[in-house]
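One structure is given below, encoded as structure tokens.
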Amino acid sequence: MTGPGPGPRDVEDLLRLHAPQVLGALVRRYGHFDAAEDAVQEALLAAAGQWPRDGVPANPRGWLIRVAARRLTDALRAETARARREERAVRLEPREVRAAPADDDALTLLFLCCDPVLPPAGRVALTLRAVGGLTTAEIARAHLVPEATMAQRISRAKARLKEAGADRAFRPPGPEDRDARLASVLQVLYLIFNEGYTATSGPDLHRADLAREAIRLTRTVRRLLPREGAVTGLLALMLLTEARSAARTGPHGELVPLDEQDRGRWDRAAITEGTALVEEALAEGPPGPYQLQAAIAALHDEAPDAGTTDWPQILALYDVLVARSPGPDPMAELGRAVALAMVEGPEAGLAALTALEPRLARSHRLAAVRGHLLERAGDPKGAAEAYRAAARATLSLPERRYLQTRAARLDP
């Protein structure tokens, strides 16, 4: 032990850092993802009680692996009553788990949690639980669902991995499917961030815990894969977007649109870091969707005010983004329609929206953008109707109040 002294918060941060590495080491050695996670949780609880009192071990990861391995083998013995299983349990005598780089285990665990055999909601939940270290209750609160519902979602994800044999073959994806698996990981992190930055439902516009966790996990992936332009681009996009969070709501929690925000409240350190990452990502090869979206975010963040935003350059980037998307991307096309309106006038933007209606008929964002462009085009009645339609379609209370307020201001 290094000696007493660490506070509960220091221990919590240390445990969160090592938890995915320890879980990855156990799953690599024993399989049994579900049982391994339970054993890791017991080891974490033991550390949380012991380390603040006795001090942090010189090798905290090794300590956690040893304790968790003992818990796991005890659990495997306890559930094996028949002679054949007893014999198997004997072969699982606690011993030092084969050494492997901690980062390798953490990255492989992330690949496992984002296995394409799982539905997107299952990937998100399992990633937050196993890699992010959030409790089931915390994940449920973040997604505004009952804890029992989230527990079932996580259990189904684990069961599906077991059925597919993924937890028994705990290894990084091979060259033939590495890109697809990395794309799944980045999609999950992007989904987590988006839900944190603009909650799709509930009373709050911003769920800072989810946004922070997405950034933390993306930083981890970038540390492990520093030369992946998509990873660098995604981290840049998150930082440049999250940098505006303090200015997105007013004193009563009301939504403040981008062109009305107090830019003095933006996080300049995050913008500086994000902008540098954009430049690095764009130099790492042909830009993909995350790099292009980050470049667009950088242009917004670097403008001293809304009036000096470089909309022609943003439109050019959206043109490339839409052209290079692997499939139809209605949200990218919606962003392009806004940029087109800012460059060529609201009528041009409204014409672009018409082509999107079949694919975004149920999205409140299409109606909200239409309201904005109709208002700019001098059609207050049409704009009010569009804002009200958007308000009816959104489940986010701050967005609904904002849209209703915009509509009320246009009423005669």
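The values are calculated or read from the model by the stated rules, or taken from the named source; none is laboratory data. Keep in mind that this is a model prediction, so the values were computed, not measured. Cβ atoms come from the backbone with ideal geometry, glycine included; neighbour counts cover every protein chain shown.
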Expected single match for crowded, with 21+ Cβ neighbours inside 10 Å and either of a type in the set (D, E, K, R) or under 21 Å from TYR290 (Cβ atoms) (or both) among LEU191, LEU239, LEU224 is LEU239
Here is a list of conditions, (1) surrounded by fewer than 22 Cβ atoms within 10 Å (Cβ to Cβ); (2) among the acidic types (Asp, Glu); (3) under 30 Å from ARG401 (Cβ atoms), and GLU279 meets all of them except one; can you say which number that is? (3)
Unmet criterion (only one of (1) of a type in the set (A, V, I, L, M); (2) at pLDDT below 95; (3) within 27 Å of the chain's Cα centre (by Cα)) for ALA355: (3)
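Does segment 59-77 hold any residues that are hydrophobic (A, V, I, L, M, F, W, C) and closer than 12 Å to VAL40 by Cβ, and which are they?
Our first condition is that a residue be hydrophobic (A, V, I, L, M, F, W, C); within segment 59-77, this holds for 63-65, 67-69, 72, 75-76.
Listed by number, the residues that qualify are LEU64, ILE65, VAL67, ALA68, ALA69, LEU72, ALA75.
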Filter segment 117-136 for residues that are modelled with pLDDT of 85 or more and surrounded by fewer than 20 Cβ atoms within 10 Å (Cβ to Cβ); the one that is nearest to GLU12 (Cα to Cα) is THR136
Go through segment 145-203 and give me each residue that's among the charged types (D, E, K, R) and in contact (Cβ under 8 Å) with a residue 12 or more places away in the chain. ARG153, ARG156, LYS158, ARG160, LYS162, ASP167, ARG168, ARG171, ARG181, GLU195
Selected residue (criterion: nearest to LEU76 (Cα to Cα)) from residues of segment 49-59 that are assigned to a helix (DSSP H, G or I) and not polar (S, T, N, Q): GLY49
Go through (1) more than 14 Å from ARG370 (Cα to Cα); (2) among the aliphatic types (A, V, I, L, M); (3) under 23 Å from the mean Cα position of the chain (by Cα) one by one and return the number of the condition VAL343 breaks. (3)
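Residue-by-condition table, conditions (1) under 20 Å from ARG77 (Cβ atoms); (2) surrounded by fewer than 20 Cβ atoms within 10 Å (Cβ to Cβ); (3) of a type in the set (Gly, Ala, Ser):
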position	(1), (2), (3)
VAL11	no, yes, no
ARG16	no, yes, no
PRO20	no, no, no
VAL27	yes, no, no
ALA36	yes, no, yes
GLN41	yes, yes, no
LEU44	no, no, no
ALA47	no, no, yes
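Can you go through VAL256, VAL231 and tell me which one is over 21 Å from ALA339 (Cα atoms) and in contact with a Phe, Trp or Tyr (Cβ under 9 Å, 6 or more places away or on another chain)?
Working: VAL256 fails: over 21 Å from ALA339 (Cα atoms).
The match here is VAL231.
Could you say which residue among ALA368, ALA384, ALA393, ALA339 is hydrophobic (A, V, I, L, M, F, W, C) and surrounded by fewer than 20 Cβ atoms within 10 Å (Cβ to Cβ)?
ALA393
Among the candidates LEU64, LEU15, LEU26, single out the residue that is under 24 Å from PHE170 (Cβ atoms) and modelled with pLDDT of 90 or more.
Working: LEU15 fails: modelled with pLDDT of 90 or more; LEU26 fails: modelled with pLDDT of 90 or more.
Of LEU64, LEU15, LEU26, the one residue that is under 24 Å from PHE170 (Cβ atoms) and modelled with pLDDT of 90 or more is LEU64.
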So THR308 fits all but one of (1) within 28 Å of the chain's Cα centre (by Cα); (2) β-branched (Val, Ile, Thr); (3) under 30 Å from THR232 (Cα atoms); what number is the exception? (1)
Which of (1) in a helix (DSSP H, G or I); (2) surrounded by fewer than 23 Cβ atoms within 10 Å (Cβ to Cβ); (3) out of contact with any Ser or Thr (no Cβ under 6 Å at 6 or more places or on another chain); (4) modelled with pLDDT under 85 does LEU107 not meet, given it meets every other one? (2)
